[in-house]
There are 2 protein chains.
Amino acid sequence: MPRILDGKKVAQKLKDQLKVEIENIKLKFNRTPGLAVIQVGNVAASSVYVKAKTKAAKEVGINVIDHHLEESTNQNDLINLINELNNNDDVNGILVQLPLPNHINEEMVLNSIAPDKDADGFHPLNVGKLSISQKNDESLMIPCTPYGCLLLLRELNVDLVGKNAVVIGRSNIVGKPMAQLLLKESCTVTTVHSKTKNIESICKNADILIAAIGKPEFVNKDWVKEGAIIIDVGINRIKINEEKSKLVGDVLFSEVENKVSAISPVPGGVGPMTIACLLRNTTAAFKLKNYN
Amino acid sequence: MPRILDGKKVAQKLKDQLKVEIENIKLKFNRTPGLAVIQVGNVAASSVYVKAKTKAAKEVGINVIDHHLEESTNQNDLINLINELNNNDDVNGILVQLPLPNHINEEMVLNSIAPDKDADGFHPLNVGKLSISQKNDESLMIPCTPYGCLLLLRELNVDLVGKNAVVIGRSNIVGKPMAQLLLKESCTVTTVHSKTKNIESICKNADILIAAIGKPEFVNKDWVKEGAIIIDVGINRIKINEEKSKLVGDVLFSEVENKVSAISPVPGGVGPMTIACLLRNTTAAFKLKNYN
């Protein structure tokens with residue numbers, strides 16, 4: 001039987017640690033770390049994520065400053081709001097929930113967030129620091145989903161050095177930072193994507209396989225090596241019948257689970273880790289600003 | 001017979017283009033793009049590089065502002081000089097020749113260069129932009145050596161999409177940015193390094209092999225696939241006898257050349273490209289500032 005990487009449990013452990021840290025921060029500084037959460041419009045999935053993030057932040061003692069803006073908000077007003085938050089000492093992290101409406105340039109908005117408040121780790125300065133630094137250490141704002149994947153891997157207490165890691169997907173949010181993180185853990189790292197030839201056979205060589213494709217149950221047993229470790233980043237909603245739907249990952253769990261040594265489920269794997277890492281980044285941002 | 005990737009020739013072609021561009025810039029703006037070259041101390045190899053870079057810059061019509069500082073220069077004075085150059089409108093590119101003396105923190109010095117004058121592309125903001133952008137386009141300051149390698153590859157007029165590329169080495173100067181560039185060309189990219197297991201067999205699967213290890217003639221014929229394309233980034237001086245030495249790459253050229261479809265020699269391969277790309281970055285920096 002494979003080990004199931006219980007993201008809920010690992011995320012709770014991280015949140016428990018953060019709760020203690022934040023209590024200590026409150027005692028020492030008489031201040032509460034603050035996370036500004038900006039949502040523009042009412043995309044249903046975004047509302048679900050924002051609600052989950054807000055709830056988790058409050059749980060660990062982070063103060064949430066909520067800005068829910070109308071779909072029609074113009075880009076300048078949004079950037080002006082971000083500038084205000086950049087200058088607000090009660091705000092340590094700023095999160096802009098993606099996607100933004102089409103009339104807004106996502107890149108310009110993300111780049112307007114002060115790098116030291118960049119709770120998602122998407123600002124180019126933080127992306128560059130992540131690439132340059134030799135270690136995955138406390139000084140970095142690390143994109144939340146790949147960082148959550150790394151923390152799940154670390155839970156296994158497996159030596160990552162020299163492991164053959166394959167990342168499926170090359171997005172800025174998951175694939176690229178994931179490859180950077182694994183390289184710093186001294187894995188041999190291959191990034192495969194939609195243009196890759198023989199993708200199946202490359203994945204089949206992986207000791208560690210990270211699936212971030214966005215296609216439901218795309219990775220089946222023919223893609224995985226006996227005894228591999230699988231992290232499933234996908235969150236896809238599929239219809240079961242006219243009335244019912246369910247969430248599945250990018251990996252065909254039922255087929256793959258009997259072949260591997262460890263696998264993260266969907267839901268309950270990477271998802272909860274992403275949220276916990278957002279809280280970690282907010283706390284880290286407070287510490288970097290106030291302890292140095 | 002393999003195609004020998006003649007870096008001198010390709011670099012000359014790029015320099016000829018830059019020369020025309022710079023003549024046009026002079027006509028249009030009545031100004032000359034300027035490159036500040038800072039050397040601290042007298043490491044022999046650094047002096048050779050600085051001399052070659054200065055000569056090439058003058059050749060294409062770039063104004064070189066030379067700052068050769070004493071070995072004992074302290075870090076603050078160096079950073080103050082960089083700040084002056086950051087604010088000097090006649091300076092479009094700033095190059096700090098590495099390595100710096102041990103008493104100076106290299107990272108702090110490189111980070112003090114204004115990102116829009118960062119001719120080497122080492123500033124974290126430029127590293128982040130390189131990672132994030134979808135294309136290897138004109139808006140980026142791209143580290144010179146990997147960019148030179150990419151231009152050599154493009155000379156072959158081979159479709160890079162889906163090719164299996166392996167980069168040996170994970171330095172910030174070559175390996176990491178090289179992997180980013182190849183990923184954006186839609187190669188499948190693997191980074192291998194000192195901790196990689198079965199490095200030989202991974203390299204032997206490469207359609208494109210980039211060797212940036214720093215070990216003389218390390219890659220022999222058992223590492224390369226029949227018909228592969230080899231780019232040799234290494235520049236190693238080895239002794240032939242008591243009096244004589246010669247430059248060799250990281251690849252055992254004499255053994256490998258008969259097996260591959262194309263290979264870059266050492267010297268005369270990547271080296272001249274690195275210098276030409278420095279001039280390209282300086283010119284690009286002028287254009288980004290003045291054409292937008």
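The values are calculated or read from the model by the stated rules, or taken from the named source; none is laboratory data. This one's a predicted model, so the numbers in the text were calculated from it and none came from an experiment. Don't worry about glycine lacking a Cβ; one is built from the backbone with ideal geometry, like all the others, and counts go over all protein chains shown. Accessible surface is based on the protein model in full, side chains and every heavy atom, while ligands, DNA and RNA are left aside. Shrake-Rupley method; radii C 1.70, N 1.55, O 1.52, S 1.80 Å.
How well do other chains shield peptide A:120-131, expressed as the mean number of their Cβ atoms within 10 Å of each residue Cβ? Numbers along the way, then the final one.
Working: counts 0, 0, 2, 3, 11, 9, 3, 8, 14, 5, 4, 10.
Average neighbour count from other chains, rounded to a whole number: 6.
Calculate how many DSSP beta bridges within chain A are antiparallel, expressed in % of all such bridges and rounded to the nearest 5. Write out the running numbers ahead of the final one.
Working: 4 of 34 bridges.
For chain A, the DSSP antiparallel bridge percentage is about 10.
Taking 0.36 nm per residue of sequence separation and removing the Cα-Cα distance, the B:Leu247/B:Ser194 pair yields an extension gain of 16.8 nm.
Within straight cross-link reach of B:Lys197, meaning Cα distance under 16 Å, which aspartates and glutamates are found once same-chain residues fewer than 8 apart are removed? The qualifying aspartates and glutamates are A:Asp159, A:Glu185, A:Asp207, B:Asp222. Positive-end ranking of B:Ile82, A:Leu27, B:Gly249 along the dipole of the protein assembly as shown, with charges on Cβ about the Cα centre, is headed by B:Gly249.
When chain B is treated as a GNM with alpha-carbon contacts under 10 Å, the residue of B:Ile230, B:Ile263, B:Ile240 showing the greatest mean-square fluctuation is B:Ile240. The alpha carbons of the range A:187-253 stretch over 44, 27, 19 Å along the principal axes, in descending order.
Using only Cα atoms, what Kirkwood radius does the range A:135-271 have, in angstroms? Intermediate results must be reported in sequence, preceding the final value.
Working: mean 1/r = 0.0668 Å⁻¹.
Its Kirkwood hydrodynamic radius stands at 15.0 Å.
Quick one: check the C-alpha center-to-center distance for the range B:249-292 versus the range A:1-66, whole angstrom. Their Cα centres are 47 Å away from one another. Less than 5 angstrom separates the built amide H of A:Val219 from those of A:Val251, A:Leu252, all sequence-distant by 5 or more or on a different chain. For the pair A:Lys55 and B:Asp77, a Förster radius of 45 Å applied to the C-beta separation gives a FRET efficiency near 0.30, rounded to the nearest 0.05.
The phi torsions of the range A:13-30, fed into the Karplus equation with coefficients 6.51, -1.76 and 1.60 and a -60° offset, translate into couplings of 4, 5, 5, 5, 4, 5, 4, 5, 4, 5, 4, 5, 4, 4, 5, 6, 10, 6 Hz, rounded to whole numbers, with Gly and Pro shown as x. The distance separating the Cα centre of the range A:88-117 from that of the range B:148-224 comes to 35 Å.
Within the listed set A:Ala165, A:Ala52, A:Ala36, the residue fluctuating most in the Gaussian network model of chain A (springs between alpha-carbon atoms under 10 angstrom) is A:Ala52. Going from the isolated chain to the complete set of protein chains, the range B:145-183 loses at least 20 Å² of heavy-atom accessible area (1.4 Å probe) at B:Val161, B:Gly162, B:Arg170, B:Asn172, B:Lys176, B:Gln180, B:Leu183.
Tell me, what % of the accessible area of chain A is carbon and sulfur with a 1.4 angstrom probe?
Numbers: 6450 of 13030 Å².
Heavy-atom surface of chain A belonging to carbon and sulfur, 1.4 Å probe: 50 percent.
Among the cysteines of the protein assembly as shown, those whose beta-carbon sits 4.7 Å or more from every other cysteine beta-carbon are A:Cys149, A:Cys187, A:Cys203, B:Cys149, B:Cys187, B:Cys203. In plain terms, if you count all Cα to Cα distances in the protein assembly as shown and split them into 10 Å steps from zero, the share in each step is 3, 16, 24, 25, 19, 10, 2, 0, 0 percent. Each peptide in A:219-227, B:202-210 gets a packing score, the mean of other Cβ atoms within 10 Å over its residues, and the list from highest to lowest is B:202-210, A:219-227.
With protein chains left intact and a 1.4 Å probe, residues in the range B:143-271 average 40 Å² of accessible area per residue.
Neighbouring Cβ atoms from other chains, within 10 Å of the Cβ of residues in A:191-203, number 4 on average.
With a threshold of 30 Å on the Cα-Cα distance, the over-threshold entries among A:Lys184/A:Lys259; A:Lys215/B:Lys225; A:Lys176/B:Lys204; B:Lys53/B:Lys246 are A:Lys215/B:Lys225. Pairing chain B with chain A buries about 2500 Å² of accessible area. This figure sums both sides and uses a 1.4 Å probe.
Sort the range B:29-114 into rounded, prolate or oblate with this rule: let a ≥ b ≥ c be the square roots of the eigenvalues of the Cα gyration tensor; rounded if a/c is under 1.5, and if a/c is not under 1.5, prolate when a/b is larger than b/c, oblate otherwise. Taking the square roots of the gyration eigenvalues as a ≥ b ≥ c, the range B:29-114 is oblate.
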